[in-house]
1. Give me the residue from region 190-200 that is surrounded by fewer than 24 Cβ atoms within 10 Å (Cβ to Cβ) and touching a residue at least 24 places away in the same chain (Cβ under 8 Å) and, out of that set, nearest to V163 (Cα to Cα).
2. Which of the residues belonging to region 135-152 are farther than 16 Å from L104 by Cβ, free of Cβ contacts under 8 Å to residues at least 60 places away in the same chain and not β-branched (V, I, T)?
3. Just one of Y4, Y26 is of a type in the set (F, W, Y) and open to solvent by 70 Å² or more (accessible area, probe 1.4 Å); which is it?
4. Kindly establish whether M91 is open to solvent by less than 40 Å² (accessible area, probe 1.4 Å), among the aliphatic types (A, V, I, L, M) and modelled with pLDDT of 95 or more.
5. If we scan region 125-143, do we find a residue that is closer than 20 Å to L215 by Cβ, touching a Ser or Thr at 6+ places or on another chain (Cβ under 9 Å) and either of a type in the set (A, V, I, L, M, F, W, C) or not in a helix (DSSP H, G or I) (or both)?
6. I'm told E212 meets every condition in (1) open to solvent by 50 Å² or more (accessible area, probe 1.4 Å); (2) assigned to a helix (DSSP H, G or I); (3) under 24 Å from P48 (Cα atoms); (4) touching a strand residue (DSSP E or B) at 6+ places or on another chain (Cβ under 9 Å) except one. Can you identify the failing condition by its number?
7. Scan region 25-47 residue by residue and report those that are assigned to a helix (DSSP H, G or I) and farther than 14 Å from I79 by Cβ.
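The values are calculated or read from the model by the stated rules, or taken from the named source; none is laboratory data. Since we're looking at a predicted model, the values are computed, not measured. Here the Cβ positions follow ideal geometry from the backbone for every residue, glycine too, while neighbour counts run over all protein chains shown. Areas reflect the complete protein model, heavy atoms only, side chains present, ligands, DNA and RNA absent. Shrake-Rupley method; radii C 1.70, N 1.55, O 1.52, S 1.80 Å.
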Amino acid sequence: MFEYVLFDLDGTLGDPYEGITNCIKYALSSVGITEEDPEKLKSYIGPPLRATFAKYGFDPDMCEVLTEKYRELFNVSGIHQSVMYPETADMLKTLHEHGVKIALASCKPEEACLVILEEYGVLKYFTTVAGATLDKTLDSKPEIIKVALNRLGYGKKADEHAVMVGDRDMDIIGAHENGIAAVGAVYGYGGEAELRFAGADYIINTPAQLLEILL
């Protein structure tokens, strides 16, 4: 049984498609770019915003401007347009009741993570929440996972007792860089091929299936 479980947020605990894509389109429209390709927009759910805007050829300074433009709308409406997946609440409750220490490790700003988990009604199950900082001092998945593990009191003891659950390759890679196992959630935005290529130790098709692995 795993004693410590870290979760990604977007695409793992809930579906943020409407809020994130609306805000990306809003930011891009401010520089005259119209983006309506749903597959391209879906691929932007998970990675840091600055990396997303860099794909359009913008330099770091402009990526910063667009990130702020994104947040302009996100802080008003986008943050409230995420829908928790079915089975997620029951899954987290069961883990909590079994004494598992649960953490969030997300590239979304920490303040936003807290708001979303509270709106989902599941914040009470989390021992700690680790997210990105607005000043870029913490925005890579491996580093965020490291912070989450440290806050759990896990430190450098990473071994078979901890696991990261996420839907993108960066979740799997970040977990392995910290010496812990990784579960790929194929119901999210990365897809099974991406997760298996990244080296996921386990694959799940629904949040409920996670209990079979963890308990």
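1. So the first thing to find is which residues in region 190-200 are surrounded by fewer than 24 Cβ atoms within 10 Å (Cβ to Cβ), and the list is 191-194, 196-199.
Subsequent filtering for residues that are touching a residue at least 24 places away in the same chain (Cβ under 8 Å) retains 194, 197-199.
Details: E194: 18, F197: 18, A198: 15, G199: 13 Å.
Among them, the one singled out is G199.
2. Across region 135-152, the qualifying residue is only D135.
3. Working: Y4 fails: open to solvent by 70 Å² or more (accessible area, probe 1.4 Å).
Only one candidate qualifies: Y26.
4. Numbers: open to solvent by less than 40 Å² (accessible area, probe 1.4 Å): yes; among the aliphatic types (A, V, I, L, M): yes; modelled with pLDDT of 95 or more: yes.
Yes; evaluated as a whole, the condition is true for this residue.
5. To start, the set of residues in region 125-143 that are closer than 20 Å to L215 by Cβ comprises 125-127.
Now drop any that are not touching a Ser or Thr at 6+ places or on another chain (Cβ under 9 Å), which leaves none.
The answer is no; no qualifying residue exists.
6. (3)
7. In the first step, residues of region 25-47 are kept if they are assigned to a helix (DSSP H, G or I); the result is 25-29, 38-43.
If the condition is that a residue be assigned to a helix (DSSP H, G or I) and farther than 14 Å from I79 by Cβ, then K25, A27, L28, S29, P38, E39, K40, L41, K42, S43 are the ones that fit.
Yes/no matrix, rows are residues, columns are (1) open to solvent by less than 30 Å² (accessible area, probe 1.4 Å); (2) of a type in the set (V, I, T); (3) part of a loop (DSSP other than H, G, I, E, B); (4) closer than 20 Å to A181 by Cα:
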residue	(1), (2), (3), (4)
F53	yes, no, no, no
G57	no, no, yes, no
D61	no, no, no, no
E64	no, no, no, no
K69	no, no, no, no
S106	yes, no, no, yes
V115	no, yes, no, no
V147	no, yes, no, yes
